[in-house]
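The values are calculated or read from the model by the stated rules, or taken from the named source; none is laboratory data. Not measured: the values here are computed from a predicted model. Quick reminder, even Gly has a Cβ in these numbers, built from the backbone with ideal geometry, and neighbours come from all protein chains shown. All accessible areas refer to the heavy atoms of the entire protein, side chains included, with ligands and DNA or RNA removed. Shrake-Rupley method; radii C 1.70, N 1.55, O 1.52, S 1.80 Å.
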Amino acid sequence: MAEPWDDRNAAPSRAAAPAVATPIVPSGSIAGRSLTAVVAIMTFLAAITTGAVMMVVNAASDWQSEVGREVTIQVRPVSGRNIEADVSAVIALARASPGIADVRAYTKAESAALVEPWLGSGLALNDLPMPRMIVVKLASGAAPDFPGLRGTLAAQVPSAILDDHRGWIDRMRTMADSAVVGGVAILGLVLAVTVLSVTFATRGAMAANRPIVEVLHYVGATDRFVASQFQRHFLILGLRGGAIGGGAAIVLFGVFEAANAWFTGTPGGDEATALFGSFSVGAAGYIVIVLQVVLMAVVTALASRRTVNRTLASID
């Protein structure tokens, strides 16, 4: 007969605890939060740079389009010539040239208003040799004959100078190209900093979890399995940090667009719009920011996997 103290046949007093799968790398570690902050900052900087470049390129394109639709002819006062007759002759020659949609000469008052910011108002400009400006609007889709018009003006009205603004347009195009190159360079630096940060964070995580990795190797876990665990961990961190940084950039651009719409119609707002554009990156800009969030997450995951593979090779 079994004695009371003989509990070999007795039912267990406590049920076995269910097995719970836990990640190799803790998701809430200090290093993980720090890396999330770094990725968020890098994504924010990349998004701001991309948005700024897109605004510069759009503004330059608008300026080039606006300036490219018209040319100017300056008629200078020359001794022995009647400037009013020269202006009338230039208008007639310009209208007869192919590819010209409209020709308009500035009046004396309008010409004086052009120099008021430099000479001030209230001055008697009648005695000054003020040139007359003629604005020539080009027909849409037409190919004007600027060399021919220049030759005709030089032969019949030597005091007239045709300016097609090509030099200014070339400088604007160069500025836009420089902004694109600078943006790409900054984006490359941001990606490089992100890769370095992820590499150091991965090495730290591998060092902290080296005993666990060795036990996994001992029980038969492959390098591919271990690397995938680290890659998933850092992919989630990259997505989280990228979403924070990209979301902050989207909010900032949204505030700029709202402020621009609020001040539209005011003198300061119109001047800012004419100089810097609409402060809007458009739908394409927001799509690019979302793609950058995905790119930062992918770069984070790939950098961690590469570091893990190298570390596992050294352990083996």
message: Quick check: net charge around VAL71, other residues with Cβ under 11 Å of its Cβ, Lys/Arg +1 and Asp/Glu -1?
response: +1
message: Explain nothing, just compute: Karplus ³J(HN,Hα) = 6.51 cos²θ - 1.76 cosθ + 1.60, θ = phi - 60°, for every residue of the range 157-169 in order, whole Hz, x for Gly and Pro.
response: 10, x, 7, 9, 10, 8, 10, 8, 6, 5, x, 5, 5
task: Could you compute the FRET efficiency for ALA284 and ASP170, with r as their C-beta to C-beta distance and R0 at 30 Å, rounded to 0.05?
output: 0.75
- request: Beta carbons within 10 angstrom, averaged per residue: use that to sort the peptides 34-42, 69-77, highest first.
  value: 34-42, 69-77
task: Please say if the range 77-158 is rounded, prolate or oblate, where rounded means a/c under 1.5 for a ≥ b ≥ c the square roots of the C-alpha gyration tensor eigenvalues, and otherwise the choice is prolate for a/b larger than b/c and oblate otherwise?
output: oblate
field: Förster radius 51 Å - calculated FRET efficiency between VAL255 and ARG95, Cβ distance, rounded to 0.05
entry: 0.60
message: If I compute solvent accessible area with a 1.4 Å probe over the protein chains, what percent of it on the range 77-158 is carbon and sulfur?
response: 56
- request: Choose one of ILE134, ALA155, PRO98: the residue whose Cα lies farthest towards the positive end of the charge dipole of the range 77-158 (beta-carbon charges +1 Lys, Arg; -1 Asp, Glu; about the Cα centre).
  value: PRO98
statement: Computed ³J(HN,Hα) along the range 194-201: with the Karplus parameters 6.51/-1.76/1.60, θ = phi - 60°, integer Hz and x for glycine or proline, the list is 5, 4, 5, 5, 5, 4, 5, 5
Relative contact order, percent, the range 77-158 [alpha-carbon distance under 8 Å, six or more residues apart]: 42
- line: In whole Hz, the Karplus estimates of ³J(HN,Hα) for the range 244-257 (6.51, -1.76, 1.60; θ = phi - 60°; x where Gly or Pro) are 5, x, x, x, 5, 5, 4, 4, 4, 5, x, 5, 4, 5
field: SER140-SER314 pseudo-label distance in nm [points 7 Å out on the Cα-to-Cβ vector]
entry: 6.6
